[in-house]
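Nothing in this text is a laboratory measurement; each read-out follows from the coordinates by a stated rule. Since this is a predicted model, take the numbers as computed values, not measurements. Cβ coordinates were reconstructed from backbone atoms using ideal geometry, including for glycine residues, and neighbour counts include every protein chain displayed.
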């Protein structure tokens, strides 16, 4: 297990989205003490986030999610914490180009495709994760992966159900697990594999996409 | 008969994990699902992740993929929330 900490000690990790999945990823990854954590989110916490977003409290409503994540994490990690209080766009996507890996915790398909395209160009892997109701999915998108295009097809927005607090935590845990396995070469998901998790039915599978 | 496995959102909203139908192609199957279980339209079903005997339909003949007795078709709506 020590090799995990040694391996991550020089890694620069970006977390894109500090809401449901991203808040839990930030908490979990920060305790693995990577070199740098780049926290990116242009959104502010709102009342509706209280039910599932780790860093959303009555006191943080109205404040930027990435900024608040840093406030929570700075006493628990040795990582350098860098905050970007903006949404990723074509204009600012270059801020991720020096990262070793991207943790996808965004909430829409178009941003995911933007990140995927940029990471192909910058040669950076992505740990993809998404949730819907009781259900979620995780994958490793190595550079030039076509997995996102294969699963979202022509559908650029998917109907999203309300979710409960434990579902983003569950998917965040699997994303961090896959990140660690990727860096330590410990049987991570392969290029075309999608891990799907249905917590309502305890049905977990790895699909070949 | 073709066995259809619903996953995630579809399993929740169809209120079943599996069903069986007769169909000659994937398009035929999705049209029959939309008629028999009108929770989702054919157009909505077309945007699913679909595996036929564990192979992604986009690697086969897409909606023209022929189906035969005993085939298992897995249908899932991808998640996109965060």
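How much length, in nm to one decimal, is gained on full extension between residue A:50 and residue A:98, taken as 0.36 nm per residue of separation minus their Cα-Cα distance? Walk me through the numbers on the way to the answer.
Values: separation 48, 0.36 × 48 = 17.28 nm, distance 3.29 nm.
This chain segment gains 14.0 nm when fully extended.
Peptide A:194-200 has a mean of 3 when you count, residue by residue, the C-beta atoms of other protein chains within 10 Å of its C-beta.
Compare the peptides B:2-9, B:41-48 by average per-residue count of other Cβ atoms within 10 angstrom and give them in order, highest first. Mind dumping the intermediate values first?
Numbers: B:2-9: 21.8, B:41-48: 16.1.
Listed from highest to lowest mean packing, they are B:2-9, B:41-48.
In chain A, Rg over Rh equals 0.93, where Rg is the alpha-carbon radius of gyration and Rh the Kirkwood radius from pairwise Cα distances.
If you take the Cα centroid of the stretch A:55-96 and the Cα centroid of the stretch A:25-52, the two points sit 6 Å apart. Distance between the 7 Å Cα→Cβ label points at residue A:121 and residue A:71: 3.4 nm.
Legend: mean number of C-beta atoms from other chains within 10 angstrom of residue C-beta atoms, peptide A:17-28, equals 1. Estimate the FRET efficiency between residue A:2 and residue A:186 by the formula 1/(1 + (r/R0)^6), using the beta-carbon distance for r and 22 Å for R0, to the nearest 0.05. It comes to 0.95.
The stretch B:65-82 and the stretch A:145-209 have Cα centres lying 16 Å from one another.
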